[in-house]
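The next block holds one structure in the form of structure tokens; read it before the comments.
Bear in mind that the values in this text are calculations on the coordinates, not laboratory data. Note that this is a predicted model, so its numbers are computed, not measured. With ideal geometry, Cβ positions are generated from the backbone for all residues, glycine too; neighbour counts draw on all protein chains shown.
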Amino acid sequence: MILIANSEAWPGFEKSVELLQQNAHGIDAMVAGITEVEREVKVRSVGYGGWPNMLGKMELDAGVMDGTTRDVGAVGAVPDTLPVAALAREVMRRLPHVMLTGDGARRFATEIGFPLDDVLFDDSKRVWWQRLEKELSPAQLAAFPDIALAPLSRAITDPERVRDTTVFLSKDMASGIHAATSTSGWAWKYPGRLGDSPIAGAGFYADSRYGAAACTHTGEMTIRCGTARSIVLALRFGYSLREAVDMAIDDLAELDTGFLAGVVVHAIDAAGNHDVASFRCPGEIKYWFWEPQLSKPELRIARQYDPRPTTQRGNA
């Protein structure tokens, strides 16, 4: 067994470990942990602690993937719903679809008994409005929200520069390799924006035969490159885990248009190896790691991506 997650997973990581030790299915264990993260106001990139869109509305995204069956459930831009990873799991279990978004996702949540949640933290609302007051003219403020939002998409930035997600990857007792994600998305995003977190192949992917990967930070980039799927596909073709991760980041590094920033890649393989690599992210990036040999989960430091010449590929 193995479990890894990004550093923001601290409210629920031990819960997931406990359930894996009890022989729970990996997705069930991870969703239970992510649900704790979604409730924690101190985590400013997920759930109740996250930041609203330009209109001051919370829109939450999540995804799960069963690597043994390759079934996927995902939800995007969901209003009034806190446990969106659990909702994504129900999409996978109950519907012939892979993804629901917006009001349709909320309708489904109501049908299956999810309550309407207050998901906008008062302090997040205060900071959002103060930033609008700084950026908008008195006439624009008076007309808000009936103004053009697109010009603000570059002027208004994340108050804590958080473009993160909570990502969990696991290998359970049955050797199933699975992935789960949840996020409030990019703060001050244009309404309806989806990042990579609910998109299988971009923000997450799992295949129990080979491994799994999940990404945090700049989803616009990993959508363009299909980063998570690229890593698992490289594993299928016989590359080592580190080679697979580096090849996927090489692809990100070649982008030279659009919004470009940092990405953190988390990955595991079927042999029980793991790799977490930081690309263009300032400072020290940490992640949670657990395997049965450890007495308790460990907070470890991700490696910095170190590009190598193409001729060195295959020698790792």
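Points worth noting:
- Rounded to the nearest 10 degrees, the angle from helix 122-135 to the longest Cα principal axis of the chain is 60 degrees.
- Folded to 0 to 90 degrees: helix 102-111 orientation relative to the chain principal axis, Cα: 70
- By other beta-carbon atoms within 10 Å, ranking Asp256, Asp275, Asp71 with the fewest at the front produces Asp256, Asp71, Asp275.
- Charged-residue dipole, Cβ positions (Lys, Arg, Asp, Glu), the chain about Cα centre, Debye nearest 20: 280
- Per-pair calculated FRET efficiency, R0 = 35 Å: Arg93 and Arg154 via Cβ, rounded to 0.05: 0.30
- Computed over the chain, the per-residue total of -39500 (n - 2.57) for DSSP H runs of n ≥ 4 gives a 222 nm mean residue ellipticity of -9000 deg cm²/dmol, rounded to 500.
- Alpha carbon Rg of the chain, scaled by the compact-globule rule 2.2 N^0.38 Å: 0.97
- Across the options Gln304, Pro292, Ser7, the greatest Cα extent toward the positive end of the charge dipole of the range 2-312 (unit charges at beta carbon of Lys, Arg, Asp, Glu) belongs to Gln304.
- What the Cα convex hull of the range 1-53 gives, in volume per residue, is 68 Å³.
- For the residue pairs Lys42/Lys296; Lys125/Lys171; Lys15/Lys134; Lys189/Lys296; Lys57/Lys171, the alpha carbons lie more than 32 Å apart in Lys125/Lys171; Lys15/Lys134; Lys189/Lys296; Lys57/Lys171.
- The mean sequence distance of close C-alpha pairs (under 8 Å, at least 6 residues apart), as a share of the length of the chain, puts its relative contact order at 20 percent.
- With the simple model of a label 7 Å out from the Cα in the direction of the Cβ, Asp71 to Ala143 spans 5.0 nm.
- Given the chain, longest segment not containing exposed loop chymotrypsin sites (Phe, Trp or Tyr not before Pro) (DSSP; at most 16 other Cβ within 10 Å): 1-236
- For Ile285, the amide hydrogen comes within under 5 Å of the amide hydrogens of Ala302, counting only partners 5 or more places away or on other chains and with H modelled in the peptide plane.
- Cα long-axis angle, helix 241-253 against the chain (0 to 90 degrees, to the nearest 10): 30
- The overall shape of the range 174-311, judged from the alpha-carbon gyration tensor, is rounded, with an a/c ratio under 1.5.
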